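These notes are about the structure you will find just below.
The values are calculated or read from the model by the stated rules, or taken from the named source; none is laboratory data. This structure is a prediction, so every number in the text was calculated from the model and none was measured. Here Cβ is always computed from backbone atoms with ideal geometry, including for glycine, and neighbour counts include all displayed protein chains. Quick note on the areas: whole protein, heavy atoms, side chains included, nothing else; ligands and nucleic acids left out. Shrake-Rupley method; radii C 1.70, N 1.55, O 1.52, S 1.80 Å.
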Amino acid sequence: MAFRHDNRRAYPDFFNAPVPNWGDDRPGLMIVGLAPGLKGANRTGRPFTGDYAGDLLYATLGKFGLASGHYKQRPDDGLRLDGVLIVNAVRCVPPQNKPTPEEIRTCRDFLAESIEVHTPRAFLALGRIAHDSLLSALGEKRSAYPFAHGAEHILSSGTVLFDSYHCSRYNTNTGVLTTTMFEDVVGRAARLIAT
């Protein structure tokens with residue numbers, strides 16, 4: 001809480017609040033991210049908007065017909081998601097971009113509610129924290145579905161979970177995640193929800 005209050009003072013023009021879900025209300029695919037970035041979604045109020053992770057994510061969604069319009073790092077850019085809803089495992093920007101276990105647990109109810117309301121056919125978890133929080137929200141055993149980039153899990157409900165490393169600048173700059181690797185996972189998810 002203190003971190004959020006400090007941000008409100010330091011950045012009075014930022015959104016600085018829990019970032020809501022964004023996208024299609026009837027999604028075939030629910031993308032689960034980590035948390036809002038301080039100068040990305042925390043600034044703009046829209047997931048993955050205003051930082052590098054959004055550049056890669058939205059370009060890739062567009063390539064596979066899951067987004068239309070042009071992403072310009074602003075919530076009024078006219079971008080639209082088609083068949084996709086983006087949610088975060090943690091809804092508020094965490095200090096040093098590292099959510100605490102308490103924040104993750106607190107926000108899990110919002111994630112579970114989003115899943116129940118929107119009932120997607122597939123999930124794409126961006127990173128281990130998103131993967132683990134999603135499984136907990138679904139009541140699944142984490143040990144039954146280990147996180148690995150490119151993994152594809154059929155959950156007990158029959159819903160499919162795709163895993164990817166997070167599309168952060170750090171992961172792409174260090175070569176942990178390449179555009180090709182990310183496109184492979186998103187492309188498989190897009191093909192699944194199109195059938």
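Some notes on this structure:
- Solvent-accessible area per residue in the range 11-119 equals 46 Å², computed with a 1.4 angstrom probe and all protein chains kept.
- Lysines whose Cα lies under 29 Å from that of Lys98, excluding same-chain neighbours fewer than 8 positions away: Lys39, Lys72, Lys141
- Burial ranking of peptide ranges 122-128, 175-181 (average Cβ count within 10 Å, highest at the top): 122-128, 175-181
- Probe 1.4 Å, accessible area per residue of the range 151-195, Å²: 49
- Residue-span extension gain [Asp55 to Asp6] - 0.36 nm each, minus C-alpha spacing: 14.9 nm
- Working note: Karplus 6.51/-1.76/1.60 with θ = phi - 60° gives the range 26-36 the couplings 10, x, x, 10, 10, 9, 10, x, 7, 6, x Hz, where Gly and Pro are set to x.
- Distance between the modelled labels on Tyr170 and Ser68, one decimal in nanometres: 3.7 nm (7 Å Cα→Cβ projection).
- Net charge contributed by nearby residues that have their C-beta within less than 14 Å of Leu81 (K/R +1, D/E -1): 0
- Computed over protein heavy atoms with a 1.4 angstrom probe, the accessible surface ordering of Tyr170, Tyr165, Tyr58, largest first, is Tyr170, Tyr165, Tyr58.
- Highest-first arrangement of 63-73, 147-157, 45-55, where packing means the average Cβ count within 10 Å: 45-55, 63-73, 147-157
- Under-5 Å amide H pairs with Ala151, H placed in peptide plane, nonlocal only: Asp163
- Over all other residues within a Cβ to Cβ distance under 15 Å of Pro146, the charged ones net out to -1, with Lys and Arg as +1 and Asp and Glu as -1.
- For Phe64, neighbours were defined as the other residues whose beta-carbon sits under 13 Å from its Cβ, and their charges (Lys and Arg +1, Asp and Glu -1) total 0.
- Heavy-atom accessible surface of the chain: percent carbon and sulfur, 1.4 Å: 51
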